[in-house]
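Single-structure report; data block below.
The values are calculated or read from the model by the stated rules, or taken from the named source; none is laboratory data. What you are looking at is a predicted structure, and each value in this text was computed from that prediction instead of being measured. Virtual Cβ from ideal backbone geometry, glycine too; neighbours counted across all protein chains shown.
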Amino acid sequence: MAKYYKNYTGAVKAARLDELPDFITPIEAGQLLRVNSNTVGSWIRAGRLPAIKTGSRLYRIKKVDLIAFIENSYS
């Protein structure tokens, strides 16, 4: 079982990024990165953060893409 959970504020906590589920929502990504989910959405629309569109306004982000985004942003 993955060692992540949502605390009382709804923020996702993970001991390590590789313990996240394979796909996460922009809201969860924003909570992990401590930015607004609208910021994550603008990164997706700008092509900076790859995401899979699952509905008219629904996106899912692959864990590997999020990790690559973090590594590229801070290197």
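Of note:
- For Arg48, the conditions (1) at pLDDT 95 or above; (2) assigned to a helix (DSSP H, G or I) all hold with the exception of (2).
- Residue match in the range 47-61 (condition: in contact (Cβ under 8 Å) with a residue 40 or more places away in the chain and within 10 Å of the chain's Cα centre (by Cα)): no
- The residue that is surrounded by the fewest Cβ atoms within 10 Å (Cβ to Cβ), counting only those in the range 24-75 that are touching a Lys or Arg at 6+ places or on another chain (Cβ under 8 Å) and among the polar types (S, T, N, Q), is Thr54.
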